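The values are calculated or read from the model by the stated rules, or taken from the named source; none is laboratory data. This structure is a prediction, so every number in the text was calculated from the model and none was measured. Virtual Cβ from ideal backbone geometry, glycine too; neighbours counted across all protein chains shown. What goes into the accessible areas is simple: the full protein's heavy atoms, side chains included, and nothing from ligands, DNA or RNA. Shrake-Rupley method; radii C 1.70, N 1.55, O 1.52, S 1.80 Å.
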Amino acid sequence: MATAGSETNLEIKPPLWLLAELTYRCPLQCPYCSNPVEIAKYKDELSTADWVRVMQQARKMGAAQLGFSGGEPLVRPDLEELIQEARNLGFYTNLITSSVGMDEARIKRFKEAGLDHIQISFQASNEELNNYLGGSKSFQHKKDMARIVKEYEYPMVLNIVIHRKNIDQIRDILDMTVELNADYVELASTQYYGWSRINVDQLLPTREQLANAEKVALEYQQRLKGKSKIIYVVPDYFETRPKACMNGWGSIFLTIAPDGTALPCHEAGQLPIEFPNVRDHGIDWIWNESGGFNHFRGFDWMKEPCRSCPEKYKDFGGCRCQAFMMTGDAANADPVCDKSPYHQDLVDDVNRIEKMAKSEKPDEQPIIFRNMRNSKDIMKKETAEA
């Protein structure tokens, strides 16, 4: 077995979680989407046979959980076939979906194919805002699908991404999840990658909004204890210690992008690192031997203050993508950490956004919605600036 990180001679353990990003196509246009801004370049998607091979190889290595994600995985006509293959291989499978493109007949086919878990996302608790943020008249359809998913005895899992545009609805959002009899509720505070990064000025909540949302979430956690599990995580930008991103680089999670690029996390494609493709290499080599997956394993890559920090064994230096976006160097300390020399820059930026949010009318700040047209425009601008 290969090893990495000579300081502690860390053993590379097999991946446990495979995230299959089947496509970046999506009927919604959410401005907080974590997909790459360059979605327009992802045209050559893996075939059914490619995905089957990936699943077989990952399962052989020991991967046990498989998430079908996107974009919107429902746009893939082979989704049922992939679910059936995953069941045959012994994966626990999770469909992460907006539900747009789903109906009762398809839910029934998913059940027959052996799908274990369906997670439905909402944009807000009322129809007007939900449809505005998603760019689609989908609110009532989502509620209908949530009820049918429950009827087919799936765990009722709802995901609502929280940001400045909907955070003041937190109580209404939680009331909606109670109405839909949700078993699990993920109040997924926006983490600022992909499209949400370019919209951070419009989406980052104020500290006052955040404090109120935490109070309401705690109230519902206590009230619904034993009936519904509510998960609420504070956005990184308001923390003083980084999270153990993905439980450490190349430690548990294996993400495959629609074009076959293998990544240690779904955001790593933005880094100036050469990542392997499943069309060219097997999963075993990719996970154990490739430069991309070994790049930030262990601790030898760390700069100060991370290298001598005892908390590195807990947080693994934080998020490499966040460090790259905010400092230009993925090996720098995650600016979320108050030990980082870049932390004050983050604090200053949060203060700037908060001041702007309190002083300007919301409609004066344009949101860039996630769609192919905007993706192409951004790519052209980046090319021109380069």
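Which numbered condition in (1) at pLDDT 95 or above; (2) under 24 Å from Arg25 (Cβ atoms) is the only one that Ser136 fails? Among (1) at pLDDT 95 or above; (2) under 24 Å from Arg25 (Cβ atoms), Ser136 violates only (1).
With open to solvent by 50 Å² or more (accessible area, probe 1.4 Å), more than 18 Å from Ile198 (Cβ to Cβ), of a type in the set (A, V, I, L, M, F, W, C) and within 22 Å of the chain's Cα centre (by Cα) as the only criterion, which of Phe293, Phe324, Phe316 stands out? Answer to the check: Phe316. Scanning region 238-261 for residues that are under 14 Å from Ala333 (Cα atoms) and not in a loop (DSSP other than H, G, I, E, B) yields a total of 1.
Residue-by-condition table, conditions (1) closer than 24 Å to Val37 by Cβ; (2) in contact (Cβ under 8 Å) with a residue 12 or more places away in the chain; (3) not in a helix (DSSP H, G or I):
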| position | (1), (2), (3) |
| --- | --- |
| Ser196 | yes, yes, no |
| Ala217 | no, yes, no |
| Gln222 | no, no, no |
| Tyr232 | no, yes, yes |
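Quick check, is Leu22 at pLDDT 90 or above and either of a type in the set (Asp, Glu) or within 16 Å of Trp195 (Cα to Cα) (or both)? Against the criterion (at pLDDT 90 or above and either of a type in the set (Asp, Glu) or within 16 Å of Trp195 (Cα to Cα) (or both)), Leu22 does not qualify. Summed over region 53-83, the residues that are of a type in the set (A, V, I, L, M, F, W, C), open to solvent by 30 Å² or more (accessible area, probe 1.4 Å) and either over 19 Å from Thr97 (Cβ atoms) or touching a Phe, Trp or Tyr at 6+ places or on another chain (Cβ under 6 Å) (or both) give a count of 2. Figure legend. Inter-residue proximity from region 55-67: first residues modelled with pLDDT of 95 or more, second residues open to solvent by 80 Å² or more (accessible area, probe 1.4 Å) and part of a strand (DSSP E or B), beta-carbon distance below 6 Å, spacing 6+ or different chains. Indicated pairs: Gln65/Tyr92. Selection within region 8-19: residues that are at pLDDT below 95 and open to solvent by 80 Å² or more (accessible area, probe 1.4 Å). The member of this set that is nearest to Glu45 (Cα to Cα) is Lys13. Residues that are of a type in the set (D, E, K, R), open to solvent by 70 Å² or more (accessible area, probe 1.4 Å) and at pLDDT 90 or above within region 344-365 comprise Asp345, Asp348, Arg352, Lys355, listed in sequence order. Each residue in region 142-186 was checked for being part of a loop (DSSP other than H, G, I, E, B) and either over 19 Å from Glu214 (Cβ atoms) or among the small types (Gly, Ala, Ser) (or both), and 8 pass.
I'd like the full set of residues that are touching a strand residue (DSSP E or B) at 6+ places or on another chain (Cβ under 8 Å) and open to solvent by 20 Å² or more (accessible area, probe 1.4 Å), limited to region 207-217. Result: Glu214, single match. Annotation: of all residues in region 49-83 being out of contact with any helix residue (DSSP H, G or I) (no Cβ under 7 Å at 6 or more places or on another chain) and part of a helix (DSSP H, G or I), the one that is farthest from Met372 (Cα to Cα) is Lys60.
Ala86 meets each of the listed conditions (1) in contact (Cβ under 8 Å) with a residue 12 or more places away in the chain; (2) more than 28 Å from Ser196 (Cβ to Cβ); (3) outside any helix (DSSP H, G or I) apart from (3).
Check Asn288, Asn294 and return the single one that is at pLDDT 95 or above, of a type outside the set (Ser, Thr, Tyr) and under 22 Å from Gly67 (Cα atoms).
Just a single option satisfies the conditions, and that option is Asn288.
Looking only at residues in region 84-131 that are touching a Gly at 6+ places or on another chain (Cβ under 6 Å) and over 17 Å from His141 (Cα atoms), the one that is surrounded by the fewest Cβ atoms within 10 Å (Cβ to Cβ) is Arg87. Counting only helices (runs of 4 or more DSSP H) that sit completely within region 283-386, those holding 2 or more residues that are small (Gly, Ala, Ser) correspond to 291-294, 343-359, 372-385. Report whether or not Phe275 is in a loop (DSSP other than H, G, I, E, B) and open to solvent by less than 40 Å² (accessible area, probe 1.4 Å). Yes: the conditions hold for Phe275. Filtered by the rule that a residue be β-branched (Val, Ile, Thr) and part of a loop (DSSP other than H, G, I, E, B), region 27-48 gives a lone residue, Val37.
For the residues Ile173, Ile167, Ile162, the requirement of being more than 21 Å from Leu95 (Cα to Cα), of a type in the set (Val, Ile, Thr) and in contact with a Pro (Cβ under 8 Å, 6 or more places away or on another chain) singles out Ile167.
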